[in-house]
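Here is the structure we will look at.
The values are calculated or read from the model by the stated rules, or taken from the named source; none is laboratory data. These numbers were taken from a predicted model, which means no experiment stands behind them. Heads up, the Cβs are rebuilt from the backbone with ideal geometry, glycines too, and the neighbour counts pull from every protein chain shown. Remember, those area values only see protein heavy atoms, side chains included, never the ligands or the DNA or RNA. Shrake-Rupley method; radii C 1.70, N 1.55, O 1.52, S 1.80 Å.
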Amino acid sequence: MTRGIYFAGHNAIEEEPNMKIIMLGAPGAGKGTQAKKIAAKYNIPHIATGDIFRANLKEGTELGKKAKEYMDQGLLVPDELVVDIVVDRLKKLETGYVLDGFPRTIPQAEAHTAILKKVGKKMDYVLEINVPDENIIKRMSGRRVCLNCGASYHLEYNPPKTENVCDECGNELVLRIDDAAETVKKRLQIYHDQTQPLIDFYSGTGVLRTVDGTLEIEEVFQNIVKILGE
Ligand code: ADP
Ligand code: ADP
Ligand code: ZN
């Protein structure tokens with residue numbers, strides 16, 4: 001099968017469904033916003049562990065209930081609950097993917113590297129979206145999300161076309177419980193302690209790229225597209 005093998009330069013990459021990308025960045029850095037745009041442009045699935053947990057919670061599954069105990073407090077869900085779900089999804093995939101919110105700890109990153117190794121594949125890019133903590137708190141208070149499709153909006157920076165209604169699927173938009181300012185501060189602390197070490201983990205492998213996440217959504221995306229077209 002030759003699907004996805006094109007050699008005609010930058011534009012051809014748009015038809016390349018094999019790109020494997022990890023989004024890294026603090027909560028609220030814009031990982032989900034950019035991952036959705038990447039997924040649409042490069043025709044790859046967007047896998048967001050937070051969305052998976054929230055969907056499970058909505059459906060009332062055991063996993064959803066367990067995850068909620070951690071999520072509402074701004075804590076990470078234990079690795080053993082996260083890794084199996086992601087491994088399971090990736091095993092079924094024949095295309096590339098954009099991972100958003102995973103890995104978040106060194107053991108998760110090691111588990112992910114091990115799956116890739118097993119099938120003889122490697123990451124293409126780890127995109128770090130860099131946003132200082134000061135900007136994050138303001139972003140989170142204005143964030144509104146769709147629990148049906150995972151789209152996220154901002155009251156000021158990225159409002160939906162109709163107030164409180166998802167542009168993508170028409171569902172109602174909500175404020176996440178864990179986006180309360182106190183919980184956001186805790187999540188930022190956990191990000192620095194447990195997730196930021198992944199920057200070192202990946203920087204030695206040559207796939208890490210950092211983008212300035214304080215620019216406007218469309219500008220950040222254009223910078224990402226430039227990187228992915230390298
Ligand atoms: P954000 O978009 O703010 O970065 P996510 O939607 O990715 O947040 O995740 C929300 C919450 O879900 C996290 O605070 C954490 O409790 C849980 N979670 C999501 N992904 C993971 C993961 N890979 N490991 C542990 N917990 C996770
Ligand atoms: P993450 O997935 O990293 O937690 P989101 O993509 O959900 O982050 O974005 C967090 C909030 O910030 C959302 O309300 C989103 O609309 C908004 N946002 C995302 N990117 C930008 C940006 N470049 N400038 C301003 N606001 C942004
Ligand atoms: Zn939606």
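Every test in (1) within 14 Å of ligand 2 (Cβ to nearest atom); (2) basic (Lys, Arg); (3) loosely packed, with under 15 Cβ neighbours inside 10 Å is passed by residue 176 save one, and that test is (3).
Annotation note: of 153, 157, the sole residue that is over 23 Å from residue 195 (Cα atoms), among the aromatic types (Phe, Trp, Tyr) and surrounded by fewer than 19 Cβ atoms within 10 Å (Cβ to Cβ) is 157. Residues in region 87-113 that are more than 18 Å from residue 38 (Cβ to Cβ) and aliphatic (A, V, I, L, M): 87, 106, 109, 111. The set of residues from region 205-230 being basic (Lys, Arg) and open to solvent by 70 Å² or more (accessible area, probe 1.4 Å) comprises just one member, 226. No other residue among 202, 191 is crowded, with 19+ Cβ neighbours inside 10 Å, touching a Leu at 6+ places or on another chain (Cβ under 7 Å), hydroxyl-bearing (Ser, Thr, Tyr) and on the phi < 0 side of the Ramachandran plot apart from 202. Within region 204-224, no residue that is without any contact (Cβ under 8 Å) to a residue 12 or more places away in the chain sits with its Cβ atom under 9 Å from a residue that is open to solvent by less than 20 Å² (accessible area, probe 1.4 Å) and of a type in the set (Phe, Trp, Tyr) at 6+ positions apart or across chains.
For region 91-131, a residue qualifies if it is in a loop (DSSP other than H, G, I, E, B) and among the basic types (Lys, Arg), and the qualifying residues are 104, 121, 122. If you check 38, 44, 85 for being more than 16 Å from ligand 3 (Cβ to nearest atom) and in a loop (DSSP other than H, G, I, E, B), only one passes: 44. Residues in region 114-136: is at least one within 16 Å of ligand 3 (Cβ to nearest atom), modelled with pLDDT under 95 and open to solvent by 20 Å² or more (accessible area, probe 1.4 Å)? No: zero hits. List every residue pair whose Cβ atoms lie under 9 Å apart, where the two residues are 6 or more positions apart in sequence or sit on different chains, the first residue falls within region 122-139 and is without any contact (Cβ under 8 Å) to a residue 12 or more places away in the chain, and the second residue, located anywhere, is open to solvent by 60 Å² or more (accessible area, probe 1.4 Å) and not hydroxyl-bearing (Ser, Thr, Tyr). Filtered contacts from region 122-139: 138/156.
When you look at residue 38, is it within 18 Å of the chain's Cα centre (by Cα), at pLDDT below 95 and surrounded by 17 or more Cβ atoms within 10 Å (Cβ to Cβ), yes or no? Answer is no for this residue. Any chance region 97-109 includes a residue that's open to solvent by 30 Å² or more (accessible area, probe 1.4 Å), in contact (Cβ under 8 Å) with a residue 12 or more places away in the chain and hydroxyl-bearing (Ser, Thr, Tyr)? No, that holds for no residue. Could we say that residue 188 is farther than 21 Å from residue 42 by Cα, part of a helix (DSSP H, G or I) and not aromatic (Phe, Trp, Tyr) here? Here the answer is yes, as residue 188 does meet what is asked. Here the condition is being over 30 Å from residue 18 (Cα atoms), within 16 Å of ligand 2 (Cβ to nearest atom) and not in a loop (DSSP other than H, G, I, E, B); of 163, 69, 134, it holds for 134 alone.
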